[in-house]
Amino acid sequence: MRRGAAACGLVLALGMLAACGSDRPGTTSTRAVTSTPATTTVATTTTPKRPPPPKHENALPWPTYGADNRRTRSVTAWGVRPPFRRLWTFHGRTLLEFPPVAGYGLLYEESFDGKIHALDPATGKQRWSYASRRCGWSSPALARGRVFATFIGDPHCSRLGYGEIAAFSARTGRLRWHHIVDQTESSPLVAGGTVYFGDTDGRVYAFSAATGAERWSFTAGGPVKASPALYGGRLFVGDYGGDFYALAAGTGQLLWRSGGHGNFYSGPSVADGRVFVGSTDHGVYAFSARTGQELWRFGTGGYVYASPAVWHGLVLVGSYDNTFYAIDAATGALRWAFHAYGGITGPASVIDGVVYVATLAHRTYALDAATGRLMETWRDGEYAAAVAAGKRLYLIGAGRIYALAPRGEGKESRAKKSRS
């Protein structure tokens with residue numbers, strides 16, 4: 001949890017903001033760069049190309065924190081690009097730190113005060129809700145017709161001194177099972193009928209998604225606040241003791257460990273056999289998914305609480321130093337950097353080649369993921385930025401969710417009707 005007055009409900013209005021920039025704090029580079037008001041672009045001989053749209057299940061367009069179990073935070077949603085028009089606004093009445101998930105015809109948001117809100121994506125109206133009597137500092141996960149969520153007992157919003165993991169019917173909100181665990185702010189991951197998450201007692205758990213029965217647990221060297229990622233039958237996660245782990249997803253057996261890296265609040269992202277993660281030691285790391293070898297470390301000017309996105313050979317991640325970085329996934333070299341006016345502690349999302357990032361200065365930016373060019377700015381946001389589902393962008397403000405549609409979409413529909 002990275003908060004000052006985080007428990008206060010915020011009521012910032014959505015709007016446009018002119019492009020702005022600031023000098024990159026306290027950094028120098030020997031690499032050749034060219035500057036724009038908000039973006040530094042490192043000279044490179046290759047430009048990422050847009051891939052063909054991947055196959056994915058329409059019923060679950062964004063089913064988990066990070067969009068998929070590798071936590072890449074990158075999806076192809078053709079045409080979901082700025083400029084946008086607003087369709088509706090959901091007023092959370094409290095902080096919305098983590099992004100919602102989308103599937104089964106609904107949008108599911110876990111709010112700071114420990115409630116699950118199931119929203120109609122057409123209207124923003126609430127279909128059902130659940131009050132945990134704890135705090136909600138994570139994103140839910142969807143699988144097998146159910147919603148899985150973790151909650152933390154904390155004085156910010158609860159008198160309870162312990163956490164909970166629970167499973168609900170995705171359609172009705174009916175509670176299917178729940179378990180009391182230690183404090184947990186780890187967003188659950190569901191795969192192969194198993195739910196994975198960590199807690200502040202230093203354990204990584206695997207529970208049956210059907211019954212909630214514990215299958216295995218692993219004891220780490222410090223609190224596990226981060227959300228795990230899954231790739232190739234391996235579960236990857238770091239702890240608040242500076243260790244990063246690869247575990248066998250089926251048994252919890254330790255496969256490799258890498259230590260001495262500060263603390264990990266950032267959750268990992270996995271792509272092309274590499275694991276990418278940020279640390280409180282100001283670094284962004286790349287490890288070999290197979291061996292755990294440290295492949296490179298990229299230094300920033302502040303804590304890296306944010307979980308990275310991975311898109312077309314780029315690792316996209318923000319730092320507390322007010323800068324958003326695009327790092328070459330293979331080499332760790334800087335490709336471009338965007339200079340924001342506030343610290344960045346939440347995850348970015350890449351949607352149809354546009355990367356969305358929010359800052360602690362209550363601004364959300366849309367940037368061209370290939371170049372860092374500023375495309376649009378909104379006067380709201382704090383931690384999470386955006387998700388996409390059903391040709392819509394859902395922008396996450398500090399205490400609101402905005403449903404946005406591409407501005408030209410309505411014109412195209414009206415033109416088709418006029419021709420028919």
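The values are calculated or read from the model by the stated rules, or taken from the named source; none is laboratory data. Only a predicted model underlies this, so the values are computations on that prediction, with no experimental measurement involved. All Cβ positions, glycine included, derive from the backbone under ideal geometry; neighbour counts span all protein chains shown.
A few comments on the model shown:
- Pairs where the first residue, in region 372-386, is among the aromatic types (Phe, Trp, Tyr) and the second is assigned to a strand (DSSP E or B) and modelled with pLDDT under 95, C-beta under 8 Å, 6+ apart: 378/16
- Some residue of region 133-151 being under 26 Å from residue 348 (Cα atoms), surrounded by fewer than 24 Cβ atoms within 10 Å (Cβ to Cβ) and of a type in the set (A, V, I, L, M): yes
- Residues that are hydroxyl-bearing (Ser, Thr, Tyr) and in contact with a Lys or Arg (Cβ under 8 Å, 6 or more places away or on another chain) were ranked within region 304-322; the one that is surrounded by the most Cβ atoms within 10 Å (Cβ to Cβ) is 307.
- Hits in region 323-354 - residues which are of a type outside the set (A, V, I, L, M, F, W, C) and either under 23 Å from residue 79 (Cα atoms) or surrounded by 23 or more Cβ atoms within 10 Å (Cβ to Cβ) (or both): 325, 335, 345, 346, 347, 349, 352, 353
- Some residue of region 335-347 being within 15 Å of the chain's Cα centre (by Cα), modelled with pLDDT of 95 or more and of a type in the set (A, V, I, L, M): yes
- Checking 103, 92, 66 one by one, the residue that is under 10 Å from the mean Cα position of the chain (by Cα), within 29 Å of residue 277 (Cβ to Cβ) and among the small types (Gly, Ala, Ser) is 66 and no other.
- Enumerated strands (runs of 3 or more DSSP E) restricted to region 127-174, each holding at least 2 residues that are more than 21 Å from residue 229 (Cα to Cα): 163-169
- Subset tally (residues that are at pLDDT 95 or above and either touching a Lys or Arg at 6+ places or on another chain (Cβ under 7 Å) or not hydrophobic (A, V, I, L, M, F, W, C) (or both)) for region 400-410: 6
- Count of residues meeting criterion [within 18 Å of residue 143 (Cα to Cα) and surrounded by 16 or more Cβ atoms within 10 Å (Cβ to Cβ)] in region 185-214: 15
- Look at region 395-420: where a residue is surrounded by fewer than 17 Cβ atoms within 10 Å (Cβ to Cβ) and basic (Lys, Arg) and a partner is modelled with pLDDT of 55 or more and part of a strand (DSSP E or B), sitting 6+ places away or on another chain with Cβ atoms under 9 Å, you get 407/84; 407/85.
- Condition met for residue 224 (in contact with a strand residue (DSSP E or B) (Cβ under 8 Å, 6 or more places away or on another chain), under 30 Å from residue 287 (Cα atoms) and not in a loop (DSSP other than H, G, I, E, B)): no
- Those strands (runs of 3 or more DSSP E) lying entirely in region 1-120 with at least 1 residues at pLDDT 50 or above: 39-42, 84-91, 101-103, 106-110, 115-119
- Selection status of residue 307, within 15 Å of the chain's Cα centre (by Cα) and of a type in the set (Gly, Ala, Ser): yes
- Under the condition of being farther than 21 Å from residue 309 by Cα and within 22 Å of the chain's Cα centre (by Cα), the residues counted in region 248-268 number 1.
- Qualifying residue in region 158-168 (condition: under 24 Å from residue 119 (Cβ atoms), charged (D, E, K, R) and crowded, with 23+ Cβ neighbours inside 10 Å): no
- Filter result (assigned to a loop (DSSP other than H, G, I, E, B), of a type in the set (Gly, Ala, Ser) and closer than 18 Å to residue 227 by Cβ) within region 246-272: 249, 252, 262, 266, 267
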